[in-house]
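Below is one structure, written out as structure tokens; comments come after it.
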Amino acid sequence: MKVAVVGTGYVGLVTGACFADLGNQVICADIDERKIEMLREGETPIFEPGLVEMVRINAKVGRLAFTSDVAEAVAKSKVVFIAVGTPPGPDGEADLSQVRSVAETIGEAMDGYRIVVNKSTVPVGTGDIVSQIIAAKSGGAHPYDVVSNPEFLREGSAIHDFMQPDRVVIGCSNPAAADIVAELYGPLNAPIIVTDVLSAEMIKYTSNAFLALKISFINEIANICERVGADVREVVEGVTKDHRINPAFFGAGVGFGGSCFPKDTLALADIAAKAGYEFKILKAVIAVNDLQRDLFVAKIVERLGDLKGKKIAVWGLSFKPNTDDIRESPALDIIRKLLAGGATVAAFDPVASEAAQAELPEIEYVGDAYAAAKDADALAVVTDWNEFKEADFKGLAKAMRQPLLFDGRNIYEPAKVEAAGLEYVGVGRRSGPGAEKE
């Protein structure tokens, strides 16, 4: 099938590369000529495990091409995916300017029937907006269908999630168009849910809001655990043995970040407000997520007192491991709060330092985790990269000015850390003598 994907960010580029890998003729379009030039040279503008290899292979065999001319991509394709950004506005409402712009180009470039697929995360009702724009720009000269096909890709495992999805959601009023989109996903042998466009748009927001709720819920439990002397890791182990409670997204820490959860929770709260309903639980989810970062910094201040003149080492800058994405990263928010208190910061991240440097040029970036910790008054671990999980605690204790380790992702066992001569502070964890079961 001939497919166009407009937008070469995480969603668009992964979608285009994976459809090409399944044997389709795909052309990825983006108005950013710098991105297109990189892709033509076999490089990707984002870090995603396995993506650059997939792009190179499919481009080499001619199944994947790139252009900065969106109209050209539309003209050459039967199915056109819209996969552009929908960033939050000042009030949390999703900014649909990029989606509208692509819809206008599609309407102007159509020379026959097209299936237009919204892959971007968009508010309920956006399918109707896209349809109206295409109708206005095309003058009704050509037939088309608008489909909602929300993405459920996790950065760091996006290719796996595309190729082995839990489900594929297709929202469309025309069964024939839904069948064509379903055919694209046929090789994946995944459950396909066909529904109306409005319900498909709501499914995406509901999924992300519920996962964000789980994170904020367990963070509140962790905050209570700290006050009553319980250990949240043991609480989670006991609770998730109940088959009704899935352990995924049930780890306490400094909260969620990234391009989806912060944006989508705000957007859904805005959707509810515009519909005349106050989404009280979701407002609490957002508030708790903000609170986690404040509480983490407060723990550092409690141990160190005045932060002026103190050096804090930070391990991790991306919002999660296996990505260089720093959007809404808890690490950057925490660093800003430390700087505001007068501390200096030395940071290390395996892949996100360059991106972070553009946002926070005032801190020191080092190429080695242990170099960051040298002569530090505290170490804050805020992204759970695998390479941080087996740390040399004794080496850290010797290298640091003050042996304080703040575990923002609960990746370490307190007793093991403290046996090496470091003071351990986690999120909802017990520490000190008797912290671990025999």
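Structural remarks
- Residue within segment 395-412 that is among the basic types (Lys, Arg), closer than 20 Å to Ile215 by Cβ and touching a residue at least 40 places away in the same chain (Cβ under 8 Å) present: yes
- Complete set of residues in segment 328-369 that are basic (Lys, Arg) and over 22 Å from Pro87 (Cβ atoms): Lys337
- No other residue among Lys389, Lys299 is surrounded by fewer than 16 Cβ atoms within 10 Å (Cβ to Cβ), among the charged types (D, E, K, R) and assigned by TED's automatic domain parsing to the domain that holds Asp407 apart from Lys389.
- Of the helices (runs of 4 or more DSSP H) lying entirely inside segment 1-102, not one contains at least 1 residues that are among the acidic types (Asp, Glu) and under 24 Å from Gly125 (Cβ atoms).
- Considering Gln357, Gln402, the condition of being part of a helix (DSSP H, G or I) and in the same structural domain as Gly257 (by TED's automatic domain parsing) is satisfied by Gln357 alone.
- Residue in segment 409-422 that is among the β-branched types (Val, Ile, Thr), assigned to a helix (DSSP H, G or I) and buried (at least 18 other Cβ atoms within 10 Å of the Cβ) present: yes
- Considering only residues in segment 142-181 that are among the small types (Gly, Ala, Ser) and in a strand (DSSP E or B), the one that is nearest to Val194 (Cα to Cα) turns out to be Gly171.
- Contacts under 6 angstrom Cβ, first residue in segment 305-317 being closer than 27 Å to Gly257 by Cβ, partner among the hydroxyl-bearing types (Ser, Thr, Tyr) and part of a loop (DSSP other than H, G, I, E, B), 6 or more apart: Gly316/Thr383
- Odd one out for Asp30, checked against (1) in contact (Cβ under 8 Å) with a residue 24 or more places away in the chain; (2) acidic (Asp, Glu); (3) surrounded by fewer than 24 Cβ atoms within 10 Å (Cβ to Cβ): (3)
The values are calculated or read from the model by the stated rules, or taken from the named source; none is laboratory data. Everything numeric in this text was worked out from a predicted model, so none of it was measured. As a convention, Cβ positions derive from the backbone with ideal geometry for all residues, glycine included, and neighbour counts pool all protein chains shown.
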